[in-house]
Structures are given as structure tokens and as C-alpha cells.
Amino acid sequence: MHSKTLDIQLTPHTGVNLVEQIRQQLIWLITAGQLTPDDTLPAIRHLAEQLGVNLHTVRSAYQKLEEDGLVRTSPGKRAHVLPYDARQLAGIASAQRSHTIGIILPGMSNPFYHEFLRGVDAVERQDQGMIFVCNSNEDPDEGFRYLAKLSARKVDGILAVSQNLGGIACPERGTRPAAAALPMVTVDWPGAEGCSLQIDHESAGWQAGRHLVAHGHLRIGMITFSRQVANVLPVHAGFERALGAGGIPLDPEYIAGVDGFGMEEGALGVRRLLALADPPTAIFCIADTLAFGALQALRAAGLRVPQDIALVSYNNNPYAELVEPPLTTVAVPSYEMGVRAMQMLRQLIAGGMPEERQVLLPTELIIRRSCGCPTAETSRSGNDLTEKEGLP
């Protein structure tokens, strides 16, 4: 165990007493990793002299940290830092409004999240608040670290997107949430506890697979995320169900699992599928960004889309209709998701309870030319095409 010199700055006349200022800054140093488990806090007398306060002020701050479960003081020894659970910080967050919201995303490059953030901002702007956006880089541990940091910064609430951070449970009907509980809404993570907003991923997989089957394809490949995560598995289930309904078993050989959702990974997935003895005649990518990379790799291989190989994707990000050929894709209402998630969070922050604790938003097939449909005009849900071309 060792003690570190701490950078703590006290500001008088802020409305926050000195004990609470010391406590809050020590919590931040713990969540930021500057104080780690088994580090010792400075001796009370030493920190009091450093800050120019009396011994009782520092002693009271240490006692509050011990009550929080973040440090332990043994008789005759200095306080040392304990391991903590990020949700522990959410439980001790102050009930005082800070007019700030934390958003934890798994990545920043996917345009899906840009539209989601626009929806969030449209609602939060009405409250004249500030938004902190954090990138966990697909790392659950990093997500929990941000949860702890945002809690230490006393945000009013958190939106956890496409990851499971163990949201604070929604209250039962007719009850109000505990004042100390930090409101949290989980977005796009099936099976999440508490209040959540979900996408009908299984329907998306079904719509994509059904459309390719309707075009007469018998060898249909899929480029997907290699890890089995909660918001990808339902897409697989819907896609497999659609192929099965068309009498086409989903051959594991035609599933190209990649380690991300970028264009590079999409190109890698295509190269794997083209290396098969009988390559697929159609491919479903579970993200538009994967499909963009797939398009480039198919061109590099001398193949035309859709004449030589059909392509269907998922998300309908703003660039999907700008590539050549424009992508047939299953659209996610990402802007609406941001609006509704923020509205749900604001209800929790106000001490109320959403009418629906778990909301499922629909997806919609947007038909363009990459699937082989003869029209360049966009047709939503495939209804016009179904009637004209005899597709189911």
C-alpha cells in the first residue's frame, strides 16, 4: 500500500460545503483510476494542512467515503481505497439536479449513433442541459468505468447504448424511484434490466432474409459480428427463420464472422465468402458500414452488384442511398430511438415512471437496387415490389 499526492482544489462560497467538496473530488480520483485499490489516503493532518482546513473537515470527508464503501479506516492506520462496483457509485449519486446527462456508446464511427444523438439532443435542448458522450470502444469494462465516472460527476441520468451496464431497475407501478438511485435507460440491449428501449432485431433479420429468398437465391451468405452479443443474436435468429421458411438451411460455411462493424471488416468478410468452393449469390450484412466495405471488395474482385451478387444490409444510415448501387437495407428508427430514450430518462429524473418500461421499436425494409430489384425508386417495406414482382 502507498499514499499519493492528491490534486484537490477547494472553492469557497459555491454552495457546496468543504466536506462534500473533498468527498466528491476523492470519489472522482478513485473512479478516474488515480487512486486504485489498496492505495492509502493522505494522513488527515497532512491533507488538512495542504488544503488549509481543520482536521475535522478532512476526517468527516473520510468518514463519508467509508460510509459510501469506497475506503476503509483501521484503528491506528490510514484509510485505504477499496475495490468498487460502478453501480455502487450510481447508488450514491447526489439527488441534486446538475442538468447534465451521460451517454455511453460502444463506438463513435457508426452513423447510426449520430442519428440517435440528434434525437437525444432534440429533447435535452428543451431542458437547456448538457450532454457528456463517452466511447467505451466495445469494451464492457470501459463502459463500467465510464458509468462510475459519470456517477462521480453527478449527472442526472445515463443512457447506456448497445451494452449492458446493469441499469437501475425501473420502479413498480404506483411507486417512485429512490432518491439516491441514478436514473438509467438501456438502449438496444435485449434482456436488459430496468427501463429500456429496444429494436426489433429479429424482424430485421427476417425481412432481409425473406427478401433475398424471394429473389430466388439458394446460396445466401451473411457477414456478421464474430461475438455472440445480445443485440446481434436476434438478427441471426430472424435471418435463419426466413431462410428456413424458404426451405434453405443456413449453412455455417456461409456465415463470415468478423471482429468489428467497419468497412475493413466488411471487405474481409466478402473475401472469406468468395473463397468458398460455391460462393454465395447473395449476402446479408448486419450493418451498413460492413456493406460499404463489402461493395468495395466485390468490385475489387471484378463482381457487379447486383448482377453477379446481391447485397442487403441493416441500419439505413444516411450514406446507404448514396453509394452505387444504392443499398437495400432494413431501416432502424435511430432518431426516434434517441427522442424516446431521452423522454423516458427525463421521466425517471423527474421522479416518475414511464407508461411503458420496455419499448420495442419496429424496423422497416427499404428497397433500393443492390438486391436486384429493377426499380431505382425507394419502396418502403417492399409492399409495392411484392405486388408488382409477385414476391411474398
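Counting only residues that are of a type outside the set (A, V, I, L, M, F, W, C) and at pLDDT 80 or above, give me the helices (runs of 4 or more DSSP H) lying completely in the stretch 1-101 with at least 2 of them.
18-31, 44-51, 55-67
Could you list all residues from the stretch 211-245 that are in a helix (DSSP H, G or I) and surrounded by fewer than 21 Cβ atoms within 10 Å (Cβ to Cβ)?
A214, L233, P234, H236, A237, E240, R241, G244, A245, listed by residue number.
Identify, please: which residue in the stretch 319-373 is of a type in the set (G, A, S) and within 21 Å of the chain's Cα centre (by Cα) and is, among those, farthest from L159 (Cα to Cα)?
Only one residue tops the list, namely A331.
Restrict the check to the stretch 22-43 and report whether at least one residue is over 34 Å from the mean Cα position of the chain (by Cα) and loosely packed, with under 15 Cβ neighbours inside 10 Å.
Yes; the residues of the stretch 22-43 include at least one that is over 34 Å from the mean Cα position of the chain (by Cα) and loosely packed, with under 15 Cβ neighbours inside 10 Å.
Give the stretch 23-50 a look and list any residue that's over 19 Å from R153 (Cα atoms) and out of contact with any helix residue (DSSP H, G or I) (no Cβ under 7 Å at 6 or more places or on another chain), or say none.
P37, D38, D39, T40, P42, A43, H46, E49, Q50
Considering only residues that are surrounded by fewer than 23 Cβ atoms within 10 Å (Cβ to Cβ) and in contact (Cβ under 8 Å) with a residue 60 or more places away in the chain, look in the stretch 277-289 and name the one that is farthest from E336 (Cα to Cα).
So the residue we want is P279.
Name the single residue that is farthest from the chain's Cα centre (by Cα) among those in the stretch 119-157 being assigned to a loop (DSSP other than H, G, I, E, B) and farther than 16 Å from A32 by Cα.
Q128
Quick one: which residue in L274, L303, L322 is under 25 Å from R369 (Cβ atoms), surrounded by fewer than 19 Cβ atoms within 10 Å (Cβ to Cβ) and at pLDDT below 95?
Only one candidate qualifies: L322.
With respect to A267, is the statement that it is modelled with pLDDT under 95 and among the hydrophobic types (A, V, I, L, M, F, W, C) true?
So A267 fails the test.
The values are calculated or read from the model by the stated rules, or taken from the named source; none is laboratory data. These numbers were taken from a predicted model, which means no experiment stands behind them. Reconstructed Cβ throughout: ideal geometry from the backbone, glycine too, with neighbour counts over all protein chains shown.
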